[in-house]
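Asks: Mind looking over this structure? Questions follow.
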Amino acid sequence: METELDQEPRFHFEHQVEKRRNAGMTQAEATRQVRLSFGGKEQVRENCREARGTSLLETSLQDIRYALRVHRKNPGFFLIAVLTLALGIGASTAVFSLVNTILLKPLPYPNAGRVVIPWRHGPIGSLFGSDSLPWNQLEFTQLKEIATVFQNLGAFKKDDFNLTGSGSPEHLDGVRASAGFFATLGTAPLLGRTFTAGEDKPGSALVVVLSHRLWTSRFGGEPGVVGRVVNLNGFQYTVIGVMPADFNFPNGDGMPKSIDMPKYPQIWVPLALPAAPVNGPSDLCVIGEAKPNMGLTQVKQDLATFDRRWAAKFPRWNGTFTQVVPLTQQTVSDTHRPLLLLLGAVCVVLLIACSNVAGLMLNRSLGRRREFTLRGALGARRGRLVAQLMTESLLLALTGGILGTLFGQASLFLVKRFGPDSIPRLHEAGLDLRVLAFALGVTIVTGILFGLAPAIGATRTNLVEALKEGGQRSGGSASAPKLRNALLISQVALALVLVVSAGLLVRTFYHMVRANAGFDATHVITFELPLPSSKYSDTDRMAQLYNQVQQRLEATPGVESAGFASIVAMGGPTDSTDIRIPGIPPPQPGSPAPFANYLFVSPHYFATIGTPLQRGRDIADGDTLSTTPVTIINSAMAKKYWPGQDPVGKQLGVGWTRIPVRTIVAVVADTKQVSLREEPAPTMFVPYTQNEMKTFPNMQALQYAVRAKGNPATITTGVREAVHAVDPDLPIANYATLTTLVDTSTISDRFAMLLLGAFGILALILAAIGMYGVISYSVMQRTPEIGVRIALGAQRSQVFVMVLRQGCRLACAGIAIGVVGALAATRLMTRFLYGVQSTDPVTFVAVSFLLMAIALLACYVPARKAMKVDPMIALRYE
């Protein structure tokens, strides 16, 4: 191209010279006139380059080479800027990878876009008016008959299975699902098939579908497992299929907290609802695939019609309604809110990093003011200088982006390694094309953000004034300090918003772990004992076995006491029922009935978990079906239904009038069942030996608590031997210490607190670096002034205070703006807080003082340097 640019103008030049010679001119005169008409040779070449578009490429390459030389001459500046950007870009990339995987990435179910999960909701104002409730059999059957918007409709519920006959007994978390379950999700099995409508009926052949995890762990991944017969709960089931590795539905983490579902289902068996279902307990979850031409609005309208027809048929349930939740929203449950909070926090960190590097770039560009002045005087346009500085900024950003992507990958590894299992699809997070595109976009945007303002500011130069020796020093124009100060104030303000948010989460976690849970978790182990229905179908026999296991546990060396309940403290959500209280009129039709949690307990259960009896007596061995029905209630129930009274001796019954009322014999302290955050609900505890309802709650699997005299690990073998001495085929499920259950319930809060706290610390470090840089540069700029002050008699301590005062003014301005921003931002965090208000004055004051202390510490070194200025040297300072 350059050869052509040389040959073509020469051809035209020689042609014009020859033309003038033919007209009678001499060689010299013809050459002179053509040269005048053509203009400068290099100017012609430049015009040709611009016309061909090669000048932009050449200029860009020149700018890149020059930027590399500039950065190579200032390795310290380059390293600090790149590391600052890498931290900001890396953190944002890691968090976006989580957001992408959990919120944006399609689910591994072909029909996920049209799948919804409807939930029943109690009447507004009732105890469970805001909860997502399951369906009963009759409701599901009626829905299948009435609904017209669904192409496929299925139901499912959790069930426990004991796998025996092939190795040691193993407890399996299973799901009973209707035939429409797999068709709704649209996922084909890896091996074999799923069950058909004919197999989803009572009395049909027993079949089972295995999860990929169980197939590989228990059956060694053998392809011949299809057709094999396995023993589940004492019944022979035929394996008909194996699901793919990414099929994990339903996942307990993606379900409402009130719904008990396994985290990793291991088997699926037919639901087999009876042909004439009853309007009994609600224990079914429903899932439906809308028809291709039906949107979410049509689905909601169709289910609203179902609600009206159901209320007309059963007036007692008037006010109950159905809420439709898309599968893509349901699977992330409440995870999207903490993720968005973290994404907002990391964006704040990124802004602080950009502001910090912008300040560094501004200081350096002002130090190069004479260079820009000379280039401008030689004809460089302002746009050309801005392009040069922007190239340097983008080169910094790209280097920081590459390093930040590596940092983000490392951070993501740590999050996946130590993050809570409650985050759905966490193991799938990684750097895919979307995340890399995000990282590239963030890199370019940050390069523009921190480079544009310094570039424009550095090129606004009065050439005549700047070239004078007596003009302003290389400190720049009068607006430069204002821009630097504005950048610093914004860093302090953003850091305060982030640190206040982290501080509120720290105080929330502090209040959670110090909250009175209502029990003593030390030296207590818990486990679940599921009984196979084929062997234990009678509640009296179940009660006998549970009693035998308890007696053997209490006789085990190292055991102080033992007890059991349908759900132990921190063991999960409990069953609930509406109640009736003699002397209080029943609710009017359409009005919500009083509710209470309902648990079975054994003697010594409260003593084992350390829950104190506030008044009355404990459950006794003599409380049987032949004696007066009794119950124990918690303090929350006593305060709600018998405020200011002693409820001991009063009577209480469940909603079914055929069940006799019970006499309250004691009041116990409130215990927390799911989370340390929860406010205990009214709860009644019933002796397991007085199970008059027989079917509700289900006694097929109860949970034990065993208190050890010392280290709980020393009784593990004894506990297993005690259980297997009663029945060697019984597996022990969910064996864990009560302390572990408590820690597990707080792991998500701890994870969010640690991440936000880490971002807050990073923000403080960046703000401190920014403060140090601005004050240091200011001291350097004011060195002659400081020398004059000292020469005229100013005390060095006064100079020290003067510099500190400057830093304090900037910090106070940033803190004031940050407090206003934090008051607005923390209102969005209300649902994440416990025991502390979003406007908590202690947190705001403590963080403000912390930022001020860090600002003073960052100003200390520049202030000491200013105090030691030698007047003679300062007065000769360039």
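The values are calculated or read from the model by the stated rules, or taken from the named source; none is laboratory data. Everything quoted here is computed from the prediction, not taken from an experiment. Cβ placement follows ideal geometry from the backbone for every residue including glycine, while neighbour counts extend to all protein chains displayed. All accessible areas refer to the heavy atoms of the entire protein, side chains included, with ligands and DNA or RNA removed. Shrake-Rupley method; radii C 1.70, N 1.55, O 1.52, S 1.80 Å.
Asks: Starting from the Cα gyration tensor of the range 627-767, take the square roots of the eigenvalues, sort them a ≥ b ≥ c, and report rounded, prolate or oblate (rounded when a/c is under 1.5, otherwise prolate if a/b is larger than b/c, else oblate).
Replies: The shape class here is oblate.
Asks: May I pose another question? Between Lys257 and Asp729, how many nm apart are label points set 7 Å from Cα along the C-beta direction?
Replies: Placing both labels 7 Å beyond Cα along the Cβ direction yields 3.9 nm.
Asks: Just to make sure I understand: if all protein chains stay in place, what is the order of Arg337, Arg864, Arg417, Arg218 by accessible area at 1.4 Å, largest first?
Replies: Heavy-atom accessible area, descending, gives Arg417, Arg337, Arg864, Arg218.
Asks: Once the convex hull of the alpha carbons of the range 235-311 is built, what does its volume come to per residue, in cubic angstrom?
Replies: Numbers: hull volume 15.4 nm³, N = 77.
Measuring per residue, one finds 200 Å³ for the Cα hull of the range 235-311.
Asks: Give me the number: length gained by fully extending Lys144 to Ser626, i.e. 0.36 nm times residue separation minus the C-alpha to C-alpha distance, one decimal in nm.
Replies: Length gained between Lys144 and Ser626: 169.2 nm.
Asks: Hey, what's the range 99-248 come to in accessible area per residue, 1.4 Å probe, Å²? Could you put the intermediate results ahead of the total?
Replies: Working: 5780 Å² over 150 residues.
Dividing the accessible area of the range 99-248 by its residue count gives 39 Å².
Asks: Taking loop as defined by DSSP and a crowding limit of 10 other beta carbons within 10 Å, which trypsin sites (Lys or Arg not before Pro) in the range 694-789 fit?
Replies: Sites meeting the loop and neighbour criteria: Lys694.
Asks: Another question, then. Please report, as a whole percent, how much of the solvent-accessible surface of the range 703-836 comes from carbon and sulfur atoms (probe radius 1.4 Å).
Replies: Carbon-and-sulfur percentage of accessible area, whole number: 64.
Asks: May I ask for log10 I(q)/I(0) of the range 685-838 at q = 0.19, 0.21 Å⁻¹, from a Debye sum over the Cα atoms as equal point scatterers with solvent left out?
Replies: Log10 I(q)/I(0), no solvent term: -1.25, -1.36.
Asks: A further question on this structure: So if we plug the beta-carbon distance of Ala824 and Arg337 into 1/(1 + (r/R0)^6) with R0 = 30 Å, what FRET efficiency do we get, rounded to 0.05?
Replies: 0.95
Asks: Please give the residues of the range 164-182, grouped as numeric ranges, whose backbone N is less than 16 Å from a label point set 7 Å along the Cα-to-Cβ vector of Ser533.
Replies: Output list for this probe position: 172-179.
Asks: Let a ≥ b ≥ c be the square roots of the eigenvalues of the Cα gyration tensor of the chain; is it rounded (a/c under 1.5), or, if not, prolate (a/b larger than b/c) or oblate?
Replies: prolate
Asks: Same structure, new question: Tell me, what HN-Hα J-couplings in whole Hz come from the Karplus equation 6.51 cos²θ - 1.76 cosθ + 1.60 at θ = phi - 60° for each residue of the range 237-245, using x for Gly and Pro?
Replies: 10, 9, 6, 10, x, 10, 7, x, 5
Asks: Going by average Cβ neighbours within 10 Å, how do the peptides 731-738, 385-392 rank, with the highest at the top? Before the final figure, lay out each step's value.
Replies: Numbers: 731-738: 18.5, 385-392: 20.8.
Highest mean packing first, the order is 385-392, 731-738.
Asks: Could you sort 525-532, 575-582 so that the peptide with the highest average Cβ count within 10 Å comes first and the rest follow in order?
Replies: My ranking of the peptides, most packed first, is 525-532, 575-582.
Asks: Pairs of Cα atoms under 8 Å, at least six residues apart: use those to get the relative contact order of the chain, whole percent.
Replies: Normalised by residue count, the contact order of the chain is 15 percent.
Asks: Compute the distance in nm between two label points, each set 7 Å from the Cα along the Cα-to-Cβ direction, one at Leu792 and one at Arg375.
Replies: 3.8
Asks: Hey, which of these cross-link pairs are over 28 Å Cα-Cα: Lys144/Lys313; Lys640/Lys672; Lys535/Lys672; Lys157/Lys650; Lys201/Lys291?
Replies: Going by Cα-Cα distance, Lys535/Lys672; Lys157/Lys650 fall outside the 28 Å limit.
Asks: Another question, if that's okay. Among 604-617, 535-548, what's the highest-first ranking by average C-beta atoms within 10 angstrom per residue?
Replies: Result, highest mean first: 604-617, 535-548.
Asks: Name the residue farthest towards the positive end of the dipole of the chain from the options Ala543, Phe844, Asn698, assuming +1 on Cβ of Lys and Arg, -1 on Cβ of Asp and Glu, about the Cα centre.
Replies: The one lying farthest along the dipole's positive direction is Phe844.
Asks: Taking the alpha-carbon centroid of each part, what is the distance from the range 520-587 to the range 638-711 in angstrom?
Replies: Using only Cα atoms, the two centres lie 11 Å from each other.
Asks: How much length is gained if the chain between Glu18 and Leu406 is pulled fully straight, taking 0.36 nm per residue apart and subtracting their Cα-Cα distance, in nm to one decimal?
Replies: 133.1 nm
Asks: Additional query: Spin-label point model (7 Å from Cα, Cβ direction): what's the Leu83 to Ser60 distance in nm?
Replies: Simple spin-label model gives 3.2 nm for this pair.
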